[in-house]
Amino acid sequence: MRFLKRLFWLLVLVLLLAAGAVAGAAYWWLDQPLPLTNPSIEVSIEPKTTPRDAAQAWVQAGVQTDARLLYEWFRWSGQARKIRAGSYQVGTGVTPRTLLDKMVKGDEVMATVRLIEGWTFRQFRAELAKAPDLKQTTATMSEAELMAAIGAPGVRAEGRFYPDTYAFSKGASDLAVLKRAYRTMQRQLDAAWAERAADTPLKSADDALTLASIVEKETGAAKDRGLVAGVFVNRLRIGMPLQTDPTVIYGLGERFDGNLRKVDLLTDGPYNTYTRGGLPPTPISMPGRASLLATVRPDKTRALYFVAKGDGSSHFSETLAEHNRAVTQYQLRR
């Protein structure tokens, strides 16, 4: 009996030592750099991906370890359920511990797409279509279908998306970016309209958006933006046609070949602000915040005309006679 007792405790000791060795090896492994097939490995974890599948995804992407070990670490850590969907990138030196920490924190690889002030909706879509890290989901949608998909059925798309640089996780959809740009424009427009001058002739925030899109296209130098807006507000106030080339060009669409002709200015159409008074039926571009604010609170001026000086800035005139002299000076004598 004494021998059996000694044997029992010896076995217990061996098992404890073995368990300690395994535990020590496990802790050592958690902080050791994982071998990689490439200096940089990227993995996209989709929503509802299981921890087991996440471990397998890393191994398939090039992390050289047993997927079962990674999964058991995720499970044993107690954080397996906290792994977030997203696009992740790891490089040389990543350990099992830091790999899991990255996914739990949602430390994603972000890509960006820049949408420029003054672009049309068609240009916006073309830029999104070129973004290599965006999932293309709207390419076959009509404008009406796209606007319904973002939650704005019946709304015309032009002017409704805020120009900015948008960061997104790799693999995000173009629709998600468009939704953000749409909501951002709504917030910016509402904020600008709340600051409108008491005597503005604009009747609604939509009117402000339309005029801001024209101001965006007509402003060559940032310092002139408030005066450009002031000229157009003055014209609206007295019932004078806006007479602005960018609206005519927008109305021509793909027929515009870069040369605006006199016949184009004389041919009536909904966007011809030479033949029709008031604002065009929709915005003609995506205005930025500066143009929105300039439109609702323009610089005080008596000017009714302006002409480009050739250096990006404009000359502003109160009378037609002065304007004609400026046209001769800055345009006809070039």
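The values are calculated or read from the model by the stated rules, or taken from the named source; none is laboratory data. Note that the structure is a prediction, hence the values are computed from the model and not measured. With ideal geometry, Cβ positions are generated from the backbone for all residues, glycine too; neighbour counts draw on all protein chains shown. We work out accessible area using only protein heavy atoms, side chains counted, and drop any ligands, DNA or RNA first. Shrake-Rupley method; radii C 1.70, N 1.55, O 1.52, S 1.80 Å.
For the residues Asp206, Asp224, the requirement of being among the charged types (D, E, K, R) and either surrounded by 20 or more Cβ atoms within 10 Å (Cβ to Cβ) or over 28 Å from Glu254 (Cβ atoms) (or both) singles out Asp224. Evaluating Asp264 against the criteria (1) in contact with a Leu (Cβ under 9 Å, 6 or more places away or on another chain); (2) assigned to a helix (DSSP H, G or I); (3) at pLDDT 95 or above leaves one unmet condition, (3). When the stretch 184-199 is filtered for residues that are open to solvent by less than 30 Å² (accessible area, probe 1.4 Å) and over 28 Å from Ala85 (Cα atoms), the ones remaining, listed by number, are Leu189, Ala192, Ala197. Taken over the stretch 78-118, the residue count meeting the criterion of being of a type outside the set (A, V, I, L, M), under 20 Å from the mean Cα position of the chain (by Cα) and open to solvent by 70 Å² or more (accessible area, probe 1.4 Å) is 4.
Checked against the criteria, Ala290 does not count as surrounded by fewer than 20 Cβ atoms within 10 Å (Cβ to Cβ) and in contact with a Ser or Thr (Cβ under 7 Å, 6 or more places away or on another chain).
Quick grid of which residues meet (1) modelled with pLDDT of 95 or more; (2) of a type in the set (A, V, I, L, M, F, W, C); (3) part of a helix (DSSP H, G or I); (4) closer than 22 Å to Met240 by Cα:
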residue: Met286; (1), (2), (3), (4): yes, yes, no, no
residue: Leu293; (1), (2), (3), (4): yes, yes, yes, no
residue: Thr301; (1), (2), (3), (4): yes, no, no, yes
residue: Asp311; (1), (2), (3), (4): no, no, no, no
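Does Thr328 qualify as being more than 36 Å from the chain's Cα centre (by Cα) and in a helix (DSSP H, G or I)? Here the answer is yes, as Thr328 does meet what is asked.
On the basis of being free of Cβ contacts under 8 Å to residues at least 24 places away in the same chain and surrounded by fewer than 20 Cβ atoms within 10 Å (Cβ to Cβ), does Thr165 make the cut? In short, no. Here Asp190, Asp207, Asp174 are screened, and the one residue that is closer than 21 Å to Thr282 by Cα and under 22 Å from the mean Cα position of the chain (by Cα) is Asp190.
One line per residue, one yes/no per condition, for (1) at pLDDT below 95; (2) assigned to a helix (DSSP H, G or I); (3) open to solvent by less than 30 Å² (accessible area, probe 1.4 Å); (4) under 12 Å from Val296 (Cβ atoms):
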| site | (1), (2), (3), (4) |
| --- | --- |
| Ala176 | yes, yes, no, no |
| Ile214 | no, yes, yes, no |
| Val233 | no, yes, yes, yes |
| Arg237 | no, yes, no, no |
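Selection of first residues in the stretch 313-330 that are free of Cβ contacts under 8 Å to residues at least 60 places away in the same chain and of second residues that are surrounded by fewer than 17 Cβ atoms within 10 Å (Cβ to Cβ) and part of a loop (DSSP other than H, G, I, E, B), restricted to Cβ pairs under 9 Å at least 6 apart or on distinct chains, gives the following pairs, ordered by first then second residue: His315/Lys309; Glu318/Arg302; Ala326/Lys309; Gln329/Lys309; Tyr330/Lys309; Tyr330/Gly310. Evaluating Ala181 against the criteria (1) in contact (Cβ under 8 Å) with a residue 60 or more places away in the chain; (2) surrounded by fewer than 16 Cβ atoms within 10 Å (Cβ to Cβ) leaves one unmet condition, (2).
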